[in-house]
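J.: Can you keep this structure in mind? I'll have questions shortly.
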């Protein structure tokens with residue numbers, strides 16, 4: 001895979017994710033139930049959180065170092081996700097959507113600066129990028145679409 005192929009895949013999955021909640025009203029975006037207590041706003045904030053994590057830790061991975069383990073720092077991924085959900089719960093919908101777009105744009109800009117060889121084989125960098133982004137988005141795209149279908153929205 002080349003950087004442009006990766007960016008195309010990233011863009012396709014990103015657009016699918018955004019399309020999953022396109023056209024929802026503010027009330028619908030804030031309604032819990034997409035996953036137990038999460039609203040669409042919470043799902044968007046969650047996806048944005050993982051892009052923030054990518055921006056924080058991809059440079060460390062690129063430098064050949066190991067980022068801290070979530071199990072050690074937070075007690076695991078579920079604990080991290082719960083903590084971040086609580087931290088972002090008081091953000092307005094507008095703030096979540098703006099942060100989401102800004103963070104995604106920063107991530108794309110960062111990827112454009114990474115040496116091409118990081119994309120041509122399954123490097124630790126590419127592995128982390130995939131987990132935090134284009135293989136992560138479809139999980140939440142599906143959640144939102146299934147919720148909309150169930151609620152007939």
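The values are calculated or read from the model by the stated rules, or taken from the named source; none is laboratory data. Every value quoted in this text rests on a predicted model; they were computed, and no experiment measured them. Please note: Cβ atoms are built from the backbone with ideal geometry, for glycine as well, and neighbour counts cover all protein chains shown.
J.: Answer yes or no: is there a residue in segment 22-31 that is touching a helix residue (DSSP H, G or I) at 6+ places or on another chain (Cβ under 9 Å), touching a residue at least 24 places away in the same chain (Cβ under 8 Å) and loosely packed, with under 12 Cβ neighbours inside 10 Å.
T.: Taking every residue of segment 22-31 in turn, at least one turns out to be touching a helix residue (DSSP H, G or I) at 6+ places or on another chain (Cβ under 9 Å), touching a residue at least 24 places away in the same chain (Cβ under 8 Å) and loosely packed, with under 12 Cβ neighbours inside 10 Å.
J.: Under the condition of being more than 18 Å from residue 54 (Cβ to Cβ) and in contact with a helix residue (DSSP H, G or I) (Cβ under 9 Å, 6 or more places away or on another chain), which residue from segment 96-117 is surrounded by the most Cβ atoms within 10 Å (Cβ to Cβ)?
T.: In this case the residue turns out to be 97.
J.: Using the structure shown, decide if residue 128 is in contact (Cβ under 8 Å) with a residue 60 or more places away in the chain and either more than 28 Å from residue 23 (Cα to Cα) or over 17 Å from the mean Cα position of the chain (by Cα) (or both).
T.: Taking the combined requirement at face value, the residue satisfies it.
J.: Let me ask something else about it. (1) modelled with pLDDT under 95; (2) closer than 15 Å to residue 107 by Cβ: which one isn't true of residue 62, the others all being true?
T.: For residue 62, the exception is condition (1).
J.: Looking at segment 75-88 only, could you name the residues that are touching a helix residue (DSSP H, G or I) at 6+ places or on another chain (Cβ under 7 Å) and closer than 28 Å to residue 24 by Cα? Don't jump to the end; show me each part of the working.
T.: First, pick out the residues of segment 75-88 that are touching a helix residue (DSSP H, G or I) at 6+ places or on another chain (Cβ under 7 Å): 76-77, 80-81, 83-85, 88.
If the condition is that a residue be touching a helix residue (DSSP H, G or I) at 6+ places or on another chain (Cβ under 7 Å) and closer than 28 Å to residue 24 by Cα, then 80, 81, 83, 84, 85, 88 are the ones that fit.
J.: Hey, residue 36 hits all of (1) at pLDDT 95 or above; (2) at positive phi but one; which does it fall short on?
T.: (1)
J.: For residue 91, work out the one condition from (1) surrounded by fewer than 18 Cβ atoms within 10 Å (Cβ to Cβ); (2) more than 16 Å from residue 30 (Cα to Cα); (3) touching a residue at least 40 places away in the same chain (Cβ under 8 Å) it doesn't fulfil.
T.: The one condition residue 91 does not meet is (2).
J.: What is the number of the single condition among (1) in contact with a helix residue (DSSP H, G or I) (Cβ under 8 Å, 6 or more places away or on another chain); (2) farther than 19 Å from residue 101 by Cα; (3) loosely packed, with under 15 Cβ neighbours inside 10 Å that residue 61 does not meet?
T.: (3)
J.: Can you name every one of the helices (runs of 4 or more DSSP H) wholly within segment 1-73 that holds 3 or more residues which are more than 12 Å from the chain's Cα centre (by Cα) and under 11 Å from residue 144 (Cα atoms)?
T.: 3-21
J.: Within segment 96-153, which residues are part of a loop (DSSP other than H, G, I, E, B) and more than 14 Å from residue 2 (Cα to Cα)? Write out each step before concluding.
T.: Keep residues of segment 96-153 that are part of a loop (DSSP other than H, G, I, E, B), which gives 112-116, 121-123, 133-136, 152-153.
Residues satisfying the conditions are 133, 134, 135, 136, 152, 153.
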